[in-house]
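A short worksheet on the structure shown next.
The values are calculated or read from the model by the stated rules, or taken from the named source; none is laboratory data. As the structure is a prediction and not an experimental result, all values here were calculated from the model. A quick note on method: Cβ atoms are made from the backbone with ideal geometry, for glycine too, and the neighbour counts reach across all protein chains shown.
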Amino acid sequence: METSVVASLVSKSFGHGNHRVQALDGVSLRIGRGELFGIIGPDGSGKTTLFRILASLMLPDKGRAYIEDFDTVSQYRDIRKIIGYMPGRFSLYQDLSVEENLKFFATLFGSDIEKSYPNIRPIYRYLEPFKTRKAGKLSGGMKQKLALCCALIHNPKVLLLDEPTTGVDPVSRLEFWEMLDLLKAQGITVIASTPYMNEAMRCQRLCFLQNGKVVGCDTPENIRKAFPFKVFSVKSADKFRLLGDLRNFPACHACYPFGAYHHFYYKEGTIRMEELESYLASLQHEEIKIKESEPTIEDCFMELMSQGGEHGN
Ligand SMILES: Nc1ncnc2c1ncn2[C@@H]1O[C@H](COP(=O)(O)OP(=O)(O)OP(=O)(O)O)[C@@H](O)[C@H]1O
Ligand SMILES: [Mg+2]
């Protein structure tokens with residue numbers, strides 16, 4: 001795959017002295033043309049900072065980043081013509097209508113809606129019935145589709161989408177990711193951050209950021225295969241007490257709540273299901289249910305996070 005986006009040892013800090021925050025710490029990535037690449041990481045891990053640097057809106061302290069071979073610092077003018085950027089918070093003009101927002105963004109790039117229509121048609125068809133409605137009056141899912149249209153209006157080669165679906169209803173989120181698949185199929189490089197693991201799974205590759213470092217970067221499948229533990233999903237009537245009791249079990253590597261069940265990680269061969277069950281029964285747990293589970297991306301994420309970034313690449 002040809003390279004579309006490169007970050008090479010990018011670092012960025014904010015503040016001074018004791019108040020200094022290392023937002024990015026030696027981040028290196030290589031993203032292929034037409035790749036759908038996901039960035040995940042907890043709050044404050046540096047995702048937005050990375051997007052801003054890639055979008056040429058912020059200077060790195062150290063390191064370099066390139067979009068389609070253009071340097072984000074010295075060639076920012078070229079970069080801005082070929083990227084579409086959707087910042088986390090909406091970039092739309094709330095008092096302008098759908099159509100006016102599109103016209104505004106088209107004009108910024110010396111284009112017009114008619115010329116751009118082929119780029120945005122699959123998405124715009126959802127919006128067309130509301131074209132006279134003010135952006136501020138659209139639903140969350142509609143706003144985000146409009147923001148995507150605005151980011152696409154100049155036919156960019158690379159799309160940078162910072163948590164585009166956060167806070168949006170599940171149906172709109174699904175539709176949004178279907179659109180990203182379409183864009184990917186057109187050869188557009190899409191880099192998106194998301195807090196939703198089912199969205200992360202749709203990416204061809206994923207990078208985990210923690211404390212400004214890349215602690216893992218691979219296909220969702222490889223990330224899951226590399227998970228070094230077995231998983232039991234466990235529940236009982238008293239979920240809260242259960243978590244502590246599971247964590248106290250000697251063979252427990254780690255245990256985290258995942259919806260109705262807790263995920264209990266253990267090394268293969270160190271424990272049998274019946275042993276865990278009788279341990280929990282001895283502690284008067286009721287309605288105990290234990291099943292073996294495949295590790296999810298979220299399990300891998302929790303495990304990478306708990307390693308504190310020591311195994312980054
Ligand atoms: N302009 C700024 N001034 C000072 N500190 C900043 C600034 N921008 C980001 N930071 C700090 O840098 C770190 C990384 O922030 P960033 O916004 O990149 O993280 P994030 O992964 O996008 O977080 P979130 O998931 O909350 O959006 C945080 O500790 C944040 O407080
Ligand atoms: Mg952010």
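Some notes on this structure:
- Output for the stretch 186-210, where each listed residue is within 14 Å of ligand 2 (Cβ to nearest atom) and among the polar types (S, T, N, Q): S193, T194, Q210
- Residue in the stretch 15-22 that is among the charged types (D, E, K, R), at negative phi and assigned to a strand (DSSP E or B) present: no
- Restricting attention to the stretch 57-86, the residues that are closer than 20 Å to N119 by Cα and in contact (Cβ under 8 Å) with a residue 40 or more places away in the chain add up to 7.
- When each of K157, K103, K131 is tested for being assigned by TED's automatic domain parsing to the domain that holds L209, surrounded by fewer than 20 Cβ atoms within 10 Å (Cβ to Cβ), within 30 Å of A7 (Cα to Cα) and modelled with pLDDT of 90 or more, the lone residue that passes is K157.
- The listed residue being more than 20 Å from S11 (Cα to Cα), more than 16 Å from the chain's Cα centre (by Cα), more than 16 Å from ligand 1 (Cβ to nearest atom) and touching a residue at least 24 places away in the same chain (Cβ under 8 Å), out of S28, S111, S91: S111
- Note on the stretch 188-219: residues that are touching a residue at least 24 places away in the same chain (Cβ under 8 Å) and more than 30 Å from K62 (Cβ to Cβ) amount to 5.
- Considering (1) without any contact (Cβ under 8 Å) to a residue 60 or more places away in the chain; (2) within 16 Å of ligand 1 (Cβ to nearest atom), the lone condition that A23 does not fulfil carries the number (1).
- Test result for Y85, assigned to a strand (DSSP E or B), away from ligand 2 (no atom under 16 Å from the Cβ) and of a type in the set (F, W, Y): no
- Every residue from the stretch 204-230 that is part of a strand (DSSP E or B), in contact with a helix residue (DSSP H, G or I) (Cβ under 7 Å, 6 or more places away or on another chain) and of a type in the set (D, E, K, R): none
- Considering residues of the stretch 6-29 that are of a type in the set (D, E, K, R) and crowded, with 16+ Cβ neighbours inside 10 Å only, the residue farthest from V214 (Cα to Cα): K12
- The single condition among (1) at pLDDT below 95; (2) assigned to a strand (DSSP E or B); (3) away from ligand 2 (no atom under 16 Å from the Cβ) that R80 does not meet is (2).
- Which numbered condition L183 misses (of (1) more than 16 Å from ligand 2 (Cβ to nearest atom); (2) modelled with pLDDT of 95 or more; (3) of a type in the set (A, V, I, L, M)): (2)
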